[in-house]
Every structure is written in structure tokens, then in C-alpha cells.
1. State all residues of segment A:561-583 that are surrounded by 15 or more Cβ atoms within 10 Å (Cβ to Cβ) and over 20 Å from A:Gly360 (Cβ atoms); if no residue qualifies, say none.
2. State which residue is surrounded by the most Cβ atoms within 10 Å (Cβ to Cβ) when the search covers only segment A:453-467 and only residues that are out of contact with any Cys (no Cβ under 8 Å at 6 or more places or on another chain) and among the acidic types (Asp, Glu).
3. Within segment A:104-116, identify whether any single residue is crowded, with 18+ Cβ neighbours inside 10 Å, within 14 Å of chain B (Cβ to nearest Cβ) and assigned to a loop (DSSP other than H, G, I, E, B), and answer yes or no.
4. Which count do you get for residues in segment A:406-439 that are outside any helix (DSSP H, G or I) and either more than 15 Å from A:Thr466 (Cβ to Cβ) or touching a Lys or Arg at 6+ places or on another chain (Cβ under 9 Å) (or both)?
5. Mind listing whichever residues of segment A:352-405 are of a type in the set (S, T, N, Q), more than 20 Å from A:Gly562 (Cα to Cα) and assigned to a loop (DSSP other than H, G, I, E, B)?
6. Using the structure shown, decide if A:Ile513 is within 25 Å of A:Phe461 (Cβ to Cβ) and under 27 Å from the mean Cα position of the chain (by Cα).
7. B:Ala129 fails exactly one of the following numbered conditions: (1) in a loop (DSSP other than H, G, I, E, B); (2) closer than 28 Å to A:Val629 by Cα. What is the number of that condition?
8. Give me the strands (runs of 3 or more DSSP E) completely within segment A:667-708, filtered to those with at least 1 residues that are of a type in the set (A, V, I, L, M), more than 20 Å from A:Lys447 (Cβ to Cβ) and within 11 Å of chain B (Cβ to nearest Cβ), ordered by residue number.
Amino acid sequence: MATLPKEEDVLADAWGPHLNRMDGSRMDAGVEPDKIVPTHCCFCGQQCGINLKVKDNLVIGFEPRYDFPFNKGMLCPKGVKRYLQGGHEDRLTTALQRDPDSEKGFSPMGYDAAIARVASEIERIQSQYGPNAFGVLSGASLTTEKAYLMGKFARVCLKTKYIDYNGRLCMVSAGAANKKAFGIDRSANPWDDILNAEVVLIAGSNTAECSPITTNYVWQARENGGKLIVVDPRITPIARTADIFLPVKPGRDAALFNGILQLMIENDWIDHDFIAQNTVGFEAVAEHVAQWTPRRTAEVTGVAEKSIRAAAELWGTAKTSFLMHARGIEHHSHGVENCLSTINIVLASGRLGKPFCAYGTVVGQGNGQGGREHGQKCDQLPGWRDISNPAHREYVAGVWGVKPEELPEAGVDCYEMMRKIDAGEIKGLLLICFNPVISLPDNAFVKRALEKLEFFTVIDFFLSETAQYADVVLPGSLHEEDEGVVAQVEGRVIKINKAVDPPGDAKQDWRVIQDIAQALGRPHGFTFDSPRAIFDELRVASKGGVADYSGITYEKIDAQNGVFWPCPSDDHPGTPRLFEPGSWNPIAKGAGPFYFPDGKARFNVAAYRPPAEDVDEAYPIILTTGRVVSQFLSGTQTRRIGPLVDQYPEPRVEIHPKLAQKYGIADGDWTTVESRRGTITLRAQVVTTIRPDTVFIPYHWAGRKSANQLTIAAQDPVSKIPEYKVCAVRMRVAESPSRQVDEAVPLDDSTTRRLDGSSPGRPIP
Amino acid sequence: MTPMEFFLDPNRCIGCQSCVAACSECDTHRGHSMIHLEYVDRPISVQTVPVVCMHCDSPTCAEVCPADAIKRTGDGVVQTARKPRCIACNNCVLACPFGVPKMKTEFSLMMKCDLCYDRTSVGLKPMCASVCPSGALYFGTREEIEHLRPRSEPVNTFQFGQQTITTKVHMMVPRDAGIHHVDVLSAMDEEPVGRGGTLDSVFDDM
């Protein structure tokens, strides 16, 4: 019975987001902290080092962690204010049960009773409909230990094939492309390889807002003489002073990079020796890109021919380079091709596996890298093993003490799981670290699907907009309440340290999962007493796999400020740079530096396809979505932190003045943007820093402010990543909302007040 | 030991407001940010400029203070007004050529950046320059900045019409520009630097 027990507004009044601000011991400069805990930020994939100041089991502030080499004390505003997620009035300190008769829609229940209820519903659904009728959705902000445990829990305890995770909407297209081209999915180089690169090419990364600390690396490269090429439909802060800016039409990235490769070949700006010795498949790609003449590339991509030529020359003739990309080219129904098209220009240049010769994907989530390595993906087992591979099944089954044939087969991606819920195949769901009601595309469908569940349970620390659909909510742990490892953007495995205990009945997530296993009478393999114990099993489970963690220990991480995987033995220091000449890996076994039996990288034809939903007469404008610096993902945490909400209180729709003029829209006007799936009304921000055929809306907000009401659930056929970056919309000036709404968004008021999703007057009914 | 100095490079600024957020964590004015961070002209550019107190050698704010409330430490840090003396007259706010002091009416007190004196006086870096993810705000030795920024050089002379001001905080300017002072009034008439009109010209057919 997974329907909302009350109206969204009522639930928001009761459960937030409310805004937390500095007060009490956090405001008092005279308070001496009990301890200072070196750890990392809880937000993005950069995983900046930070010291948390703790007083009376509360994180009261931070101190820069100058000694962590990646960020050397630097933080973005989210990192600075992250401590305000603790001691929050919205924090769940008991289990909750859906209770439509109660004022707040949910009422507290005892933790043990909640676990018993969850177990009995799992038992009921699985005995009635079969093991696969119960699914698990997980997340890539969990520590690697928890991510590992979720995969094991689904396969061994629940015996369901249906588990997937929110990394599916993050960068799986990049992962799939990396596997196809290199046989391994990790940024190939440490970020220090940016510093002396002659050319830095950034494609589809709003670096300054989404991975701010990387900015300093890029600026340092420019101080050292490097040139910057940025590919983006918007002039973001990293693009503002770029040497070459390629304002690509959303969805046309593969065409652009094919065009660049065509010019590299035509002008012989390619490394013949590298291609001959280290790659296969170049000829087919060369033949394919011949059609991408500068003129045709310009026509398709909307980028001036002279800019394409200039970029190809700068890239083609460089001696060293760093190419990085992020969601801008990955969030497409042809995301894998987009990523492969960038990899092709890297391979053709031969600039890989050496200092300042680099390629990397900029991960989004805190454990976006580690969370996709050890088995919470629908087709994966730990160590990046394949659940369809008999040898892999046998090895992991051995570690887990089960028979290989007992392990389920591969499941499906998280959006397909929603479709299976809608179709009645999946009847029950356990969800952790995922807020699909905000983060999945076409979220009206997601809500309708969730409503069909017979039983839905969520583990979370706040009552997220998705948890509001649950029958039972189990109180989990904040980042600072547990320990474990994550792998950050460079592939560096680092250690999250515990600063405070969970409040009330809240428990570390791995304990909650194990309690459910216990209550089900299936405790075998779920009796770990610590994250360290889980990690020790993970090390064994990953041994010999591509993502080999067997030589990593908590102590080695401390001693080295992180360990780059693969790290296959106790005396191995880790692998900061992949693909170095002469390097060994378990697939090539010395045949070459890439992770294929012949040791060679693969060129892949990256055929251009238009977006799933192109513009037409009825919906003539491209909508693209993304992030702002002060918010993170679905905003479960950051929409509850006052200073971050002040910085950018509400989503706005960015519109170029030419387009705005056509529709009679002025800066600040309420504007309705409508797709075939939904409608949103927001204030316009009229700026020349976006393509005139495209509008942009950030996606962090809930309910009527959610950009994903509009987006399309088209997915890449290989990786299943959704097409967040292109759909077709139309636009009109909206009627004036009430004055109350106009005044609902103060920028500098320091009193606690609720702003998001639930402000007293809503923009448009 | 070489002293650590403050270097400001607005060209690196990405407008993330990390400095603004961290400033309010400083122990001398917790909960209140003293940094100014503005868009130059958001409709046409994402360029932003952060302003900290430049800590003038002859602080105009102190010179115009009728209550002699604004003091400069022996090592050249201009402090927030002394509470017992400040009469909240706003003279300093109006007079500062850099627009730095903030009048906090709730305390009847002028407050301003004091270079995180609780930190810098004991050898720590200021909050803003610690966290700044773009290096727009940097605190370190002269040798470090020369090593890190070979294409820029620090300038600490500013011209406001007839008034010449020298400051403790340095502004990084392109080395090849060959300038030895920043002419602030002329700079105020300039368009934002970097791309703005690019997308207009690319799509004239729209």
C-alpha cells in the first residue's frame, strides 16, 4: 500500500525540508571541540578531505584538512556547510509506519517491531509470488562496504535477481564505454596529471559547480601554459575563459568528436605507432568518421566550423593532454557512443598511460566509483565480476559459502525495475540511498509505479520524498555516523571515519540490513560486527577481479592518504596511473597495458544518433538539466541546510534573450515549460550564456519544482542511462502568481524557515 | 620564516560562494560572512568577483572614523570597529574605496574582514583562502605564489581617481600586462572578461 498517506504539502510541513542553521554550540566560538575527526566530504565524487569538529556527539563545524593531497583544505560551499545536516529537526530517530489517520501521515514504531514487519512482508511476498517479486534499490553514496553488502543481501539473503542502484542515472554510459574500450572502468590517471597537460579538454562537465576542486587543477594547468577546450551548450564558469569553446547542441556530442577525429586523420595528427602497437579497430573507425567533414559536423552540432577546426588542431598537435567528461555527454540515449567518441580521439592521439597523458570521467556521487565496482549493479558481482560468467559465479559463491547455482541470474536496470513494479512483477521493494521520485526521469510514472507496491520499505536518515511512499521507514545513518571506504574520482580508495553515533533508534545501515536478515531467519553471511569485517571479506571477494582490492587495508589507506585500485597484494602500493607501458593486469597477463587478453585497447565505431525526442513544431525547444553548486543530487540533505538554500533558493529556467524575446519573457518572469510528460512553472533567468535553442533547469527540487516531471525516460540501449540532457519542450509566460509567493524566498534572513517544496504560497496550483 | 600573504585573483573566481560560506565559520565573527562576492553582469556573463578587505596601509575607513574606532594591528591588519567606540555612523562604509565594511545594524557595529586574525595570528590560513576551490583567494608565501603563478604577478597599488592606495593584500594581474597598479575607476567601465556574446554570434539565424 505504497501511496502517500497525506498530501505532499502536509508531509512537507511535518517532515521537511526544514532549514538548519548555526545556533547553540555551533555559534559559540568559545566551545572547545571534544575531538577533531579527519574524514571526507559526504557529497560529490571528489571526496575532499575535511576535519569535523565534534562536541557532545554533535558535529559543530569543520577545520580545513590541509594534509589531504587531493584538495589540500579546499572545499565547496556544500562541504563547508555539510555539518548542518547533523542535529537536524527533520532527522529520523525512530522507525516510522505509514499512518494516514495520524496528523503527520506517519507514526513512530519500535525498531524491532519495524524490522519484524519488514521481514514478515518480505516472507509473505516471496512465498506468495516467488523470490524475484521482491526487489532492492541501492545507491552510490553508500560506502563500498555497504554497497557490497547490498549486493550480497539481495543475492544471498533475499535470493532475488532484482537489485540495481542509482549509479544507473549517474555515469553508467561512461562505465560501459570504458569497459568496451579499455576493459576497465576507472579514471585512467590521477588528477595531478592535469597540471602539466598541454591541452585540457572538458566535455559536458560543469566543473566549477559540480566538481569545484577540479577547477584549481585546470587553472594550474593554464598557469603552466596549458590550453583549455570546453564542450558545453552553456558558458559555465569553467568555459568563460576557455581558449576554445564548442557550444554543442545538446545530444550531438558523438558527431562533434567524430568530426574532430576526421580532421586528426586528414591532417595526420595521429600516433601511428601507438595505434599499431596498442589498439585494434582503428581502420573501421577511420572509415566511419570519414563522413564527418567539418561542414557536416558543424551542421549537426551547431558549432562553427572554424571552432571545430581550431579544436582539432589544438588537440591533434599537442604532446600531452587530459580529456575529461561528465554527465553532459553521458546522460543520453546514446551515451555510450558519446563517451566512445571521446575515447577514440584519446586513443588516436596515443596520449595515455604516461604522465600528463590522460583520460578520466568525472564521477558525480560520493562513491560513484566504488559503488559501481562490487556487486550492487544488476549484472555484477564483487571485484567487477560478471554475474553471467560461470567462473565468476563460482568464485564469489565460494567466498559467500553458497552454491553457484543458488545465485540469481542478472536482473534489470533501476528504471526497468520501476516498469516491472508497474507491471505487477515486482510486488515489494526495499530502497536505500536513492530518491527516485526526484531523480528518475518522467517521475510522474515513478510515483504511479511506487503506488502499486504491496509493500515498500525505505532506509534513510530523513523522510525523503520517496520515503514518503513507504509503508515502513527504518532510520539509517548519516555519513559521519559510520566508517568505511569509498573510491573517489581518481580511483583512489579513501577512508570515511566515524565522528558521532547515530541518534535515538537510528542505526548504521549495515546493521539494519543484517537485522532484516536475522529476522528473516537467514543470518548466514550477515553477522559482521564492523565495516572492517565487511571490508576484509570484500578484499577476498574482489581478489583476482579487475577491481582488485585484496591488497588494500584501512591502515594502508591511512599511511598513504588513499590507495589507488587495483591493489592486488599486501606489498603493492596501488595503481595511480593505469595503462602504463609494461604494466601487468590480470586479464592481459603481461600481453599489454589494457585489460583485454591481447593487452590492446579497442577503437569502437561511435555512430551518431539523434536524441530520442528531438524538437518539432509542437515542442520546439531543447530542455537540458543539471546541477547548481549549492545543491547536491535530489537535495535530501542540501535542501535542509539553510545557507545552501539561501545561495540558490529555487530552480530557475535559464533562457537566452533571443528565445525569451520570441516568447515575450523578461528576466524574473514566471514561465511555464511543458513537455509531453509534465509541466513546470519557474522564474526565468534570461542570460546570454546558453544556446538560444536550449533552456536549462536544475533538478534538485521536489514536487511541482522538479525538473524530472519533464524529462524523458528514454535510455541508452547498452548502459540504460536515461536521457536527462535532451528532451523537447514548449514554453509560455505564466500568469502572475500571488504576492505571497513572490515574497517567499528571502535571501538573507537568518531565521529558520521552510522554503522548499512547501513554502506557504506555491507558485502555481 | 617567510611571512604568508594574501593574494587575490578574480580571474580564477567561479562564483561558488565557498569563501562566503567559510567566512561565516570564522571564530571572530561566527554566523556572519564578511566577504563580498558579486556577478559583474550576470545577464551577459558568469564572471564573478570576490572582495576581501585589502588591509590598506593607510586605511580610509579608519581615517574617516569620527570615533577612532577602527584600529590597525602592528602587522597591518585592519580590524572590525571597536564595539565600545563605534557609533554606527556608516562613514567607513561610505568611504572605503573597496566597499568592504558592513554595517550590522543589529549590533550597531561596523564589521569587516579581519584576515581571520584568530587564525593568521597563529600561523593558520584564513578560512576563505583555505577553502577557495579555484585559487582565486590564496594565502601563502611570496615564493609559493611566484612558483604557482608564473603568468601572473602581484600588485598592491590601486588608483581611485586622485587617491592612490597601497594594501597588504595583493591582486594578481597578468605578468605580460606590464602594469604596476590597478586603475579601479577605469576597470569599472569595462565589460566582463571572457565569453559572453559568443552564443549570440554563433546563432544569428535564430
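The values are calculated or read from the model by the stated rules, or taken from the named source; none is laboratory data. Treat the numbers as computed from the prediction; the structure is a model and nothing was measured. Here the Cβ is made from the backbone with ideal geometry for all residues, glycine too, and neighbour counts use every protein chain on show.
1. Result: A:Pro568, A:His572.
2. Here the answer is A:Glu465.
3. no
4. Applying the first criterion (outside any helix (DSSP H, G or I)) to segment A:406-439 yields A:407-413, A:423-435.
Filter again for either more than 15 Å from A:Thr466 (Cβ to Cβ) or touching a Lys or Arg at 6+ places or on another chain (Cβ under 9 Å) (or both), leaving A:407-413, A:423-428, A:432-433.
Qualifying residue count, segment A:406-439: 15.
5. We begin by selecting, within segment A:352-405, every residue of a type in the set (S, T, N, Q); these are A:361, A:365, A:367, A:369, A:376, A:380, A:388-389.
Still in the list and also more than 20 Å from A:Gly562 (Cα to Cα): A:376, A:380, A:388-389.
If the condition is that a residue be of a type in the set (S, T, N, Q), more than 20 Å from A:Gly562 (Cα to Cα) and assigned to a loop (DSSP other than H, G, I, E, B), then A:Gln376, A:Ser388, A:Asn389 are the ones that fit.
6. So A:Ile513 fits the description; yes.
7. (1)
8. Numbers: elements: A:670-674, A:679-686, A:694-698.
Counting at least 1 such residues, we get A:679-686.
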